[in-house]
Amino acid sequence: PASQAAGKPKPKPVKPVCNILVDPAGDASVVGPDPSDDSMDVISADIATSAKTISAELRLKAYSASDAITSGGRVYYVTFGAADAANPLYFSLTHDALGDSFEWGDLEPQPGGTLSNYTKKGAATGTIDAATGVIKFSVAVSDFAVLSKIKAGVKITDLAAISSVVIPSTLTGGLVQEVDKASGGKPYIAGTPSCVKVTP
């Protein structure tokens, strides 16, 4: 019969996931009643993996390399968790008078306290697309293995995107103050097709 000759139907392609994390626009006031700063206004974020690379995108309402409100510098974070990781994981971009620094690492708890320190483990590859307000981070899976073995099927949870401003201080050299944060997105299963382009 023709129905038997046709064979089994082909599986449907997996639809790419996108905007795992979203946040309203206009909620990034650096100080009290000041207007929202578009360069600090987190809109959405995504994470994606392949066999070789783990990447994340943080999207802002807009991006300007300089403004009077954040003259002391800015720090952007994408944080997330994985089952085999001892601590939350992160990518970061520090933008200040010295230039741009892309990093990755984990949030290690302070001895005897409830706070955690962003602890750098290496330099990330990163780009800033000022025209679209997209900041992208990438790290080789083989490098990231010192913190977590991100492979296909691993569930990545607790995704968050944060923008922070650096307030100059004569005592500490600078205090980092959170301005906008997006959290509460869906988990991502490593290896799932994503709208984030990642090196195969």
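Run the simple label-point estimate for Thr192 and Thr114 please: 7 Å along Cα→C-beta, distance reported in nm.
3.2
If you average 1/r over all unlike Cα pairs in segment 1-117 and invert the result, what Kirkwood radius do you get in angstrom?
The answer is 17.9 Å.
Sketch the reach of a paramagnetic label on Lys52 as a point 7 Å from Cα along Cα-to-Cβ, and name the residues of segment 140-159 whose backbone nitrogen lies under 17 Å away.
Backbone N within reach: 140-145, 150-152.
Rounded to the nearest whole Å², what accessible area per residue is found for the chain with the 1.4 Å probe?
Averaged over the residues of the chain, the accessible area is 54 Å².
Counting only protein heavy atoms, what percent of the accessible surface of the chain is carbon or sulfur at a 1.4 Å probe?
Percent of accessible area from carbon and sulfur atoms in the chain: 57.
Return the long-range amide H neighbours of Ile156 (sequence gap of 5 or more, or a different chain), with a cut-off of under 5 Å between placed amide H atoms.
Correct list: Tyr188, Ile189, Ala190.
What pairs from Lys61/Lys120; Lys120/Lys149; Lys61/Lys186; Lys10/Lys136 go past 24 Å between their alpha carbons?
Lys61/Lys120; Lys10/Lys136
5 Å is the cut-off here: which amide hydrogens, built 1.01 Å from N in the peptide plane, fall below it relative to Leu60, excluding neighbours closer than 5 in sequence?
Here the answer is Ile43, Val134, Ile135, since their amide H atoms fall under 5 Å of that of Leu60.
Just to be sure I understand, if you calculate mean projected area of the Cα convex hull in nm² for this structure, which of (i) 14.8; (ii) 10.0; (iii) 11.8 do you get?
Of the labelled values, this structure produces (i).
For labels at Thr199 and Thr127 in the simple 7 Å Cα→Cβ model, what's the distance in nm?
Between Thr199 and Thr127, the simple spin-label model gives 1.3 nm.
The values are calculated or read from the model by the stated rules, or taken from the named source; none is laboratory data. Model, not experiment: these values are computed from the prediction. Glycine gets a Cβ as well: all are built from the backbone with ideal geometry, and neighbour counts include every protein chain shown. Side chains are part of the model used for accessible areas, which takes the heavy atoms of the whole protein and leaves out ligands, DNA and RNA. Shrake-Rupley method; radii C 1.70, N 1.55, O 1.52, S 1.80 Å.
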